[in-house]
Amino acid sequence: MSGDDQTPRARKSPTAKELRVWRSFIETSELVKSVVSGQLQERSGLSSGDYAVLLALVEHPDRRMRSSQLADHISWERSRLSHHLGRMERRGLVTREATATDSRGAEIVLTPNGADVFRTASAPHMHTIHDAFGAALTLEQLDAVEDAMLALRARLAPEADAG
């Protein structure tokens with residue numbers, strides 16, 4: 001609908017080029033993610049989900065976050081995060097603690113073991129990212145990819161750039 005919500009707008013289908021680039025984007029993104037995740041798992045025993053949780057906690061003050069805040073931060077459903085945290089807790093990577101201000105809430109806390117595992121995994125993980133992604137592209141190509149990702153983000157999640 002247009003601005004007055006009464007005139008129908010023509011729907012635009014993607015062009016052949018848009019479809020070709022879209023498919024390349026999806027397939028290549030999945031391939032890069034698969035290679036990086038596989039190497040992370042092989043070298044450290046961490047899944048990409050484990051790493052996302054640990055990274056969020058490492059970067060947060062006091063290395064703790066409310067579970068709802070963590071779910072939002074890593075863009076996971078709360079139920080998925082809850083199950084995943086249970087597995088990470090059993091491995092001694094995180095603990096759940098009641099919050100001082102809200103008896104219904106829990107904070108997820110990075111354990112010393114979790115911090116050690118994260119620290120040990122980070123250097124090999126960064127090398128894999130470089131090998132699988134950065135080293136394949138020239139500086140100009142990296143700039144073009146960055147520009148494209150910023151344009152997509154601005155269109156799809158403008159509030160992410162506003163903050």
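The values are calculated or read from the model by the stated rules, or taken from the named source; none is laboratory data. What you see is a predicted model, and the numbers here were worked out from it, not measured in a lab. Backbone-built Cβ (ideal geometry, glycine too); neighbour counts: all protein chains shown.
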Lone unmet requirement of (1) in a helix (DSSP H, G or I); (2) loosely packed, with under 12 Cβ neighbours inside 10 Å for Val117: (2)
Before we move on, is Arg63 under 23 Å from Ala121 (Cβ atoms) and not β-branched (Val, Ile, Thr)? yes
The helices (runs of 4 or more DSSP H) lying wholly within the stretch 40-92 that contain at least 2 residues that are more than 27 Å from Glu159 (Cα to Cα) are 78-90
When Glu30 is evaluated against the numbered criteria (1) assigned to a helix (DSSP H, G or I); (2) loosely packed, with under 15 Cβ neighbours inside 10 Å; (3) more than 19 Å from the chain's Cα centre (by Cα), which criterion, by number, is the only one it fails? (3)
Give all pairs with beta carbons closer than 8 Å in which a residue from the stretch 23-52 that is touching a residue at least 12 places away in the same chain (Cβ under 8 Å) and within 15 Å of Gly134 (Cα to Cα) meets a residue that is in a helix (DSSP H, G or I) and of a type in the set (A, V, I, L, M, F, W, C); count only pairs at least 6 apart in sequence or on separate chains. Val32/Ala132; Val35/Ala132; Val36/Ile129; Val36/Ala132
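Condition check ((1) under 24 Å from Val117 (Cα atoms); (2) modelled with pLDDT under 90) across all residues:
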| site | (1), (2) |
| --- | --- |
| Gly3 | no, yes |
| Ser13 | no, no |
| Leu19 | no, no |
| Ser24 | no, no |
| Ser29 | no, no |
| Gln41 | yes, no |
| Val53 | yes, no |
| Asp62 | yes, no |
| Ile74 | yes, no |
Considering only residues that are under 21 Å from Leu46 (Cβ atoms) and without any contact (Cβ under 8 Å) to a residue 12 or more places away in the chain, which ones fall in the stretch 92-109? none
Let me confirm something: among Ala71, Ala100, Ala135, Ala123, which residue is out of contact with any Gly (no Cβ under 8 Å at 6 or more places or on another chain) and surrounded by 12 or more Cβ atoms within 10 Å (Cβ to Cβ)? Ala71
